[in-house]
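Read the figures in this text as sums done on the coordinates, not as results from a lab. Bear in mind the structure is a predicted one, so any value in this text is a computation, not a measurement. Neighbour counts are summed over all protein chains in view; Cβ atoms, including those assigned to glycine, are modelled from backbone coordinates with ideal geometry.
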Amino acid sequence: MAAPLSSGASSLLREVAEVVVLAIILYFGISFAVQAVHVEGLSMYATLDDNDYLIANKIDYRLHPPQRGDIIILRPPTDNSKDFIKRVIALPGEKLLIRDGIVYINGHKLDEPYLPEAWTTLNNPAPWSVGDGAVIPANEYFVMGDNRNRSQDSRIFGPIGRDRIDGKAWFRIWPLDHFGNIYSQEPILETSTAFAG
């Protein structure tokens, strides 16, 4: 017959069990709320660079829908094996026109100061370049990389459903000399100019 535990040993075991349970709760709580993201490739250059590490917020879009300019982590419809990181350009119900590398939303030019260069690749993608453009379906978002000449995005695979968006990129944690905010430049929808055919 085993000897009963002393009150000191029993108290120590209880404390260890409490710490283990608390650690498990914290681990699952944090992994539910945030995600570490490793950027691979140059599709978001110059905002993000190859081998940057980010923290993404996985709760934000449970509270409100994605907004234009958000940098998001998504599962593209063409490949479930890896996540993509892109910028939200057009929202559900908006009419999108892309003509000669210029984006128009509901007839108004979108000023995109974060683009590293003029884009010549897929700069008139159908159906977004035909007539006066096309409407983004309900619960879908048109996303593009900032480095348009080197990005696989909605110009190729079309708008993505909200259910394929895993989180919003929050801030950069690596490299340390670029630690912090990744939203220094935002897209601006010009209200005074409209596309006239």
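Based on the Cβ-Cβ distance from LEU12 to ASP111, what FRET efficiency comes out when R0 is 41 Å, to the nearest 0.05? Mind dumping the intermediate values first?
Working: r = 63 Å, r/R0 = 1.54.
Approximately 0.05, to the nearest 0.05.
Expressed as an acute angle from 0 to 90° and rounded to the nearest 10, what is the orientation of the C-alpha long axis of helix 7-33 relative to the principal long axis of the chain?
Tilt of helix 7-33: around 10 degrees.
For Cα pairs less than 8 Å apart in space and 6+ apart in sequence, what is the mean separation divided by the residue count of the chain, i.e. the relative contact order in percent? Walk me through the numbers on the way to the answer.
Details: 372 pairs, mean separation 49.2, N = 197.
Across the chain, relative contact order equals 25 percent.
So if I take the alpha carbon set of region 36-194, get Rg, then get Rh from the Kirkwood formula, what is the Rg over Rh ratio? Present the calculation step by step, with values, prior to reporting the outcome.
Values: Rg = 14.9 Å, Rh = 15.8 Å.
So for region 36-194, dividing Rg by the Kirkwood Rh gives 0.94.
About the Cα centre, and with charges only on the beta carbon of Lys, Arg (+1) and Asp, Glu (-1), how big is the dipole of the chain? Nearest 20 debye, please.
Values: 18 positive and 24 negative charges, 88 e Å.
Here the size comes out at about 420 debye.
Assigning unit charges at the beta carbon (Lys, Arg +1; Asp, Glu -1) and nothing else, what dipole magnitude in debye, to the nearest 20, does region 50-97 show about its Cα centre? Working shown, then result.
Values: 8 positive and 7 negative charges, 39 e Å.
I would put it at about 180 debye.
Checking the a/c ratio against 1.5 first, then a/b against b/c, what shape does the Cα gyration tensor give for region 124-171? All intermediate terms of the calculation are to be shown ahead of the outcome.
On the way: a/c = 2.57, a/b = 1.33, b/c = 1.94.
Taking the square roots of the gyration eigenvalues as a ≥ b ≥ c, region 124-171 is oblate.
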